Every structure is written in structure tokens, then in C-alpha cells.
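Visitor: Got a structure for you, written out below as C-alpha cells; questions coming shortly.
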Amino acid sequence: MIGIHCRGVLFDLDGVLVDSTPAVARVWAGWAREHRFDPDDVVKKAHGRPSIATIRELLPHANHAAEDREVERREIADVEGVIPLPGAMKFLQALPPQHWAIVTSCTRPLAGVRIGAAGLPKPRHLITSSDVKHGKPDPEPYLRGAQLLGVPASDCIVIEDAPAGIRAGKAAGARVLALRTTATDTELQQAGSDWIVDDLTELFLDPSSASAEFLLIRRRTV
């Protein structure tokens, strides 16, 4: 067992707490086909980033705001198969609410829909793409998350599944634990993850800690 001291935990949402992969793939693949892009390539580009960043990259001369609203509308409408990922419910329930936050590239309305669809505890602290000027891989989202918790990012553990999110966490000065739910180990390592585990079933709180200041990882693979 490996112990990690921290004062706050900052979770990404999709691919960390919630499995929304089928819904995300359906929406972005449909959007890609409409605009004559390769669906698999677009789905990969979109993961872990604000939707509008992907739209701007692929359609530099489009009405970005209108395209973004349409993608959001489709994602909010499609919650089929949105479920909690293994260990997410148990781990969130074990953490004191004031010591964790969700930091997601979803908009605030979409994040609320997916959290509700998965039946997860409603977070006391939530940072979405609606709350920042610069999305992941920029450090702003995780810096804002740490600010909400009232602790330095260096005292936080970021839990991510996407290279863009890992880079955001590292740029913010946090330590990053990556999950193998989306990307390969090579991609997670290249992005700068400090540890890699399969999912949240490999994490638990030290029972002697009452304030989320000590986490244990069952096995280390990085």
C-alpha cells in the first residue's frame, strides 16, 4: 500500500466518476458525420476538453457559440447508459464533502444532468467550463477547484483519465492520479501522471484520518 497525504481531492467527472462514454461517442460521432470529419478522431479529440475548444479547432470559421449550444443540447438529451464508474459512489461517500470538488470540462447544466443520471452525491464544490475562461489543459480549472476547497493546489490530488486533464492538474501544481478508463498507460505517463490505477476501487481513506488528509492506493504501477 502506498500512502498519499493531501488536504483535498479534485475529481474530473467523465471517465473518473461517471461512465458517459457511449453518450459522448454517439453525440460527437453524429456531429462529426454531419461536418464530414472522421467520427473516431473527433470523439478522441473531444474527450477531456471543453466542447467549444474542439469546435474551434475543427471549424475555425463557424459560429462557435451556436455549434457549442447544439452539442450541449444533444449531450443533455442523451443520458442512456450514463452510470457511476466502479468505486465512485463508495469513495465519494467516504470523503468529507468540504474536502472534495468536481472539476469538469462539461458545462454546468450538462454536469448536473450527468451527476444526477449516475445517482452520485451532489458536490458541495463544482467547477465547470461555464465557470472558467480557459479550459483544460490550462491549469485554471484545477486552480479554481483548489481555491474553492481553500487549500493550495500542491496539497490536492487530482484524479483524471484524460491527457488534457492530467496536464491541467500538473500545470496547476497538483499531484495527479490517473485512471485507466479512457487512455493508454503510455498516454497517461506522457501527460505527466504521478500514479496510474485501474479505477476508484483501488483507493480508500485511512480510517485514522477524519478529514481526507491521508489516502491509500492499493498498488502502484508507475
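The values are calculated or read from the model by the stated rules, or taken from the named source; none is laboratory data. Predicted, not measured: the structure shown is a model, and the values here were computed from it. With ideal geometry, Cβ positions are generated from the backbone for all residues, glycine too; neighbour counts draw on all protein chains shown. Heads up: the accessible areas ignore ligands, DNA and RNA and are worked out on the full protein's heavy atoms, side chains in. Shrake-Rupley method; radii C 1.70, N 1.55, O 1.52, S 1.80 Å.
Visitor: Farther than 27 Å from VAL158 by Cα and either modelled with pLDDT of 95 or more or open to solvent by less than 60 Å² (accessible area, probe 1.4 Å) (or both): is that true of HIS64 in this structure?
Guide: yes
Visitor: Among the residues that make up the stretch 35-47, is at least one of them on the phi < 0 side of the Ramachandran plot and in contact (Cβ under 8 Å) with a residue 40 or more places away in the chain?
Guide: Scanning the stretch 35-47 turns up at least one residue that is on the phi < 0 side of the Ramachandran plot and in contact (Cβ under 8 Å) with a residue 40 or more places away in the chain.
Visitor: Take the residues in the stretch 36-50 that are of a type outside the set (D, E, K, R) and assigned to a loop (DSSP other than H, G, I, E, B), then tell me which one is modelled with the lowest pLDDT.
Guide: Initially, the stretch 36-50 is screened for residues of a type outside the set (D, E, K, R), giving 37, 39, 42-43, 46-48, 50.
Add one more test, that the residue is assigned to a loop (DSSP other than H, G, I, E, B), and what stays is 37, 47-48, 50.
Details: PHE37: 96, HIS47: 77, GLY48: 74, PRO50: 85.
Among those that are of a type outside the set (D, E, K, R) and assigned to a loop (DSSP other than H, G, I, E, B), it is GLY48.
Condition check ((1) closer than 15 Å to VAL82 by Cβ; (2) surrounded by 17 or more Cβ atoms within 10 Å (Cβ to Cβ); (3) not hydroxyl-bearing (Ser, Thr, Tyr)) across all residues:
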position	(1), (2), (3)
LEU17	yes, yes, yes
ARG26	yes, yes, yes
ARG36	no, no, yes
ASP41	no, no, yes
ARG49	no, yes, yes
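Visitor: Look through the stretch 77-103, keep the residues that are of a type in the set (D, E, K, R) and assigned to a loop (DSSP other than H, G, I, E, B), and return whichever of them is surrounded by the most Cβ atoms within 10 Å (Cβ to Cβ).
Guide: Among them, the one singled out is ASP78.
Visitor: Starting from the stretch 107-136, keep only residues that are farther than 15 Å from GLU75 by Cα, then list their pairs with residues that are hydrophobic (A, V, I, L, M, F, W, C) and open to solvent by 50 Å² or more (accessible area, probe 1.4 Å) whose Cβ atoms are within a distance under 7 Å, requiring at least 6 positions of separation or different chains.
Guide: Taking only residues 6 or more apart or on different chains, the pairs are LEU120/MET89; HIS125/LEU148; ILE127/LEU148.
Visitor: Also, I was wondering about something else. Does GLY116 qualify as being modelled with pLDDT of 95 or more, exposed (fewer than 14 other Cβ atoms within 10 Å of the Cβ) and not acidic (Asp, Glu)?
Guide: Considered against the rule, which asks whether it is modelled with pLDDT of 95 or more, exposed (fewer than 14 other Cβ atoms within 10 Å of the Cβ) and not acidic (Asp, Glu), GLY116 comes out as yes.
Visitor: Any idea which of ALA62, ALA53 is outside any helix (DSSP H, G or I) and either without any contact (Cβ under 8 Å) to a residue 12 or more places away in the chain or more than 15 Å from the chain's Cα centre (by Cα) (or both)? Full working, then the answer.
Guide: Working: ALA53 fails: outside any helix (DSSP H, G or I).
None of the other options fit; the residue is ALA62.
Visitor: Take the residues in the stretch 5-35 that are charged (D, E, K, R) and part of a helix (DSSP H, G or I); name whichever of them is farthest from LEU177 (Cα to Cα).
Guide: GLU34
Visitor: Need pairs with beta-carbon distance below 9 Å; first residue on the phi > 0 side of the Ramachandran plot and within the stretch 78-101, second acidic (Asp, Glu); sequence gap 6+ or separate chains.
Guide: From residues that are on the phi > 0 side of the Ramachandran plot, the pairs are GLY81/ASP19; GLY87/ASP199; GLY87/GLU202.
Visitor: Hey, another quick one. Given (1) in contact (Cβ under 8 Å) with a residue 24 or more places away in the chain; (2) in a loop (DSSP other than H, G, I, E, B); (3) charged (D, E, K, R), identify the lone condition not met by ARG74.
Guide: Among (1) in contact (Cβ under 8 Å) with a residue 24 or more places away in the chain; (2) in a loop (DSSP other than H, G, I, E, B); (3) charged (D, E, K, R), ARG74 violates only (2).
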